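The values are calculated or read from the model by the stated rules, or taken from the named source; none is laboratory data. Here the structure is a predicted model, which is why all the values come from computation and not from measurement. Neighbour counts are summed over all protein chains in view; Cβ atoms, including those assigned to glycine, are modelled from backbone coordinates with ideal geometry. Note: accessible area is taken over every heavy atom of the protein model, side chains too, but ligands, DNA and RNA are not part of it. Shrake-Rupley method; radii C 1.70, N 1.55, O 1.52, S 1.80 Å.
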Amino acid sequence: MRLEKCWFCSSTIYPGHGIQFVRNDAKIFRFCRSKCHKNFKMKRNPRKDSTFEFERKRNRPERYDRNLAENVLKAIPKIDKIRVSREERHHKNNLVKARYVLQQDPSLTLPKIKVKVSQQQSEENHAMEE
Amino acid sequence: MAAAFASRCSRVGRSLSGGLSNSSPGLFTSSHGMTCNNLFSQQQRTFIQMRTVLKVVDNSGAKKVMCIQALKGKKGARLGDTIIASVKEAHPNGKVKKGKVVYGVVVRAAMQKGRCDGSEVKFDDNAVVLVDKQGQPIGTRVFGPVPHELRQKKHVKILTLAGHIA
């Protein structure tokens, strides 16, 4: 199965999707959904169509710039350091808040439960391990 | 005083309505034109049924035929189906003459047809290739694109004669 491209919006058409229009000069127009098909029938220009503005790719790959790449590589360790310090600070603040809440309402702490294990069970476990 | 005021109001109303009536024909015609244009561009395509005029896309001699019976289906014929048609226009020195009742295979239909892979295919117009009772084409050439679904319908000869297979 081939993955085709929509004639109108250039998105990928997966098998079993969309509609195919064959013109009398044997040119095939494939559409991913009825929105594209209807726009084509209304003779809309896909380049000018504002209804697809939201779906347009924004993160276009930038042209290689040596200085920019150098600055980015220098900045990466700094950014990592800042991220780690922020995480630590966040955890510390949360712990302080938790301690304060427990001091205010001690009923939130889990009660200590003593579990009695019989001698027979412990012997069986020991035998299983061997 | 009151009478004068009332007459003035009525005059204003009349002038307003007059203005509306004068401008209204233009408004209505423009909107009507737009709706008509939109309707024709977005016309709902349907089955090939009785009295549907189809284009003949082979060199059998007929130009236009009118469907008089769809041989399969309750509603009408679709892409790849066989129909019985009456020749409405024909070339003067062709194999078939005007008024002759012929069999034809629908090779292009404006109504979309689902394919086995789940997608749909549709064409620009309704077109037929004239065949005999055995299903062999009368003409020796087929013009324009034809769908590959004709292979399942056992019309391999039409596919071999066709220029483009969609």
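Working only within the range A:15-34, note down all residues that are more than 21 Å from residue B:127 (Cβ to Cβ), surrounded by fewer than 17 Cβ atoms within 10 Å (Cβ to Cβ) and at pLDDT 90 or above. Those that are more than 21 Å from residue B:127 (Cβ to Cβ), surrounded by fewer than 17 Cβ atoms within 10 Å (Cβ to Cβ) and at pLDDT 90 or above: A:15, A:16, A:34.
Matching residues to (1) away from chain A (no Cβ under 12 Å); (2) free of Cβ contacts under 8 Å to residues at least 40 places away in the same chain; (3) part of a helix (DSSP H, G or I); (4) within 19 Å of residue B:165 (Cβ to Cβ):
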| residue | (1), (2), (3), (4) |
| --- | --- |
| B:67 | yes, yes, no, no |
| B:84 | yes, yes, no, no |
| B:96 | yes, no, no, no |
| B:118 | no, yes, no, no |
| B:122 | no, no, no, yes |
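Considering each residue of the range B:120-135 in turn, at least one proves to be at pLDDT 90 or above, touching an Asp or Glu at 6+ places or on another chain (Cβ under 9 Å) and farther than 18 Å from residue B:52 by Cβ.
Within the range B:124-166, restricting attention to residues that are among the polar types (S, T, N, Q) and more than 12 Å from chain A (Cβ to nearest Cβ), the residue that is surrounded by the fewest Cβ atoms within 10 Å (Cβ to Cβ) is B:134. Restricting the first member to the range A:26-44 and to residues that are within 29 Å of residue B:163 (Cα to Cα), and the second to residues that are open to solvent by 70 Å² or more (accessible area, probe 1.4 Å), the beta-carbon pairs closer than 6 Å and six or more apart or on different chains are A:26/B:164; A:29/A:7; A:30/A:7. In the range B:131-150 there is at least one residue matching the filter, namely being outside any loop (DSSP other than H, G, I, E, B), acidic (Asp, Glu) and closer than 18 Å to residue B:77 by Cβ.
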